[in-house]
């Protein structure tokens, strides 16, 4: 068993080293994001979802060089995922603090928690926050941390719309979209020898590992990841008993916002255009929503922002 | 001669009054465009009689909404189409939420409140420069609710779960 473990570690090291030499020509920044062709495939193969039962072995893999438990980038545990998300969310809050309105935060957590309970990961400690920003955007960090801006909240007019937006972000976390981007980046960094010995020893300190700070939570994901999050977000909100069109309503509103407006620049940069998202959602829904008739919008209890 | 002139004048004034009275109503008639090629139906049902078709980008007028359907008017036809097939708003949109969407959402007239007090930006650069804030993350975590609390909240709003399998990308053939 040990032999097998060591052997697989070695083959991983070999792959990492190969990646490192191939990456030598690229800059540090582009190494993380401009994954192309074979490189991308190799890393994705490394990160292919594994059955839960292999997790114990995988944990040992990460510990061959030190006695301390290192952050297992290949197959992070739920706890590691939450620790990582906490770091990212904390950085985001450093850029824009929570809106000081406990009733608002409680309301958003109530809606979000209920929608998250309809997802494939109801057991995560889901938390939601509205942050002080006039931008229109929402963010998800691994492990169940979700934030939306006050600017976006202001554009909403009922609970079904809020449920749709939160559903989209919940789906990113359920599908580990951001986590996988980070994993790729880290495995490539480690493989490329960008981390000093000291850094490597401390690598359970997640804060150092995500040097780019909160920006990861707004980074572009594959278009397919955004479309998937739209489909799942709509599905979760619909299962939760809401009218299914909340997310689509919000996409309509965003689509009518001037693209030149600074408040929306980052959202447009990191997501497909709302029209494309609506059309994709429409194609995916087909006739499925015809039968959904009892969904609620609950504008009557939608929490109104204080002026 | 003179009485006739007065009558015309009266008609003119009446017409003006009517148009002023109805102006806010006609403004609600929202414009939109087709997000994709789709059929128009005579009634808001999948198996209702065909009433024409829509081609992607075609502009239309939204008459009303019923469940999953919108009644729309194109240059040629009037009929029902699934609401996800329609983009609301004029083709070249302004930066304001317009028409029935704004009216329905109670946002008409509130304007865009711009408050910048204590607000830092969320551009990529600013996100990269952000420093971890322990106090704020603790506050955020203090709001965490249990699944049971979520359930109670749903119950209070008479929200009931329904069976609905996740949408997948491969269902585009179902029409």
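Per-residue Cβ neighbour counts within 10 Å put A:297, B:168, A:253 in the sequence B:168, A:297, A:253, beginning with the fewest.
Go ahead and run the numbers for FRET between residue B:169 and residue B:129, Cβ-Cβ distance against an R0 of 35 Å, rounding to 0.05. The pair residue B:169/residue B:129 has a calculated efficiency of 0.40. Approximating the spin labels as points 7 Å out from Cα along Cα→Cβ, the residue B:48-to-residue A:222 distance works out to 3.9 nm. When each of B:55, A:157 is scored by the number of other beta-carbon atoms lying within 10 Å, the sequence from fewest to most is B:55, A:157. Applying 1/(1 + (r/R0)^6) with r as the Cβ-Cβ distance of residue B:158 and residue A:287 and R0 = 30 angstrom yields a FRET efficiency of 0.65.
Once the C-beta distance of residue A:100 and residue B:29 is scaled by a Förster radius of 51 Å, the resulting FRET efficiency is 0.80 to the nearest 0.05.
A short reminder: the numbers here are calculations on the coordinates, not readings from a lab. It should be emphasised that the depicted structure is a prediction, and the values quoted were computed from it without experimental measurement. Every residue, glycine among them, receives a Cβ derived from its backbone with ideal geometry; neighbour counts consider all protein chains shown.
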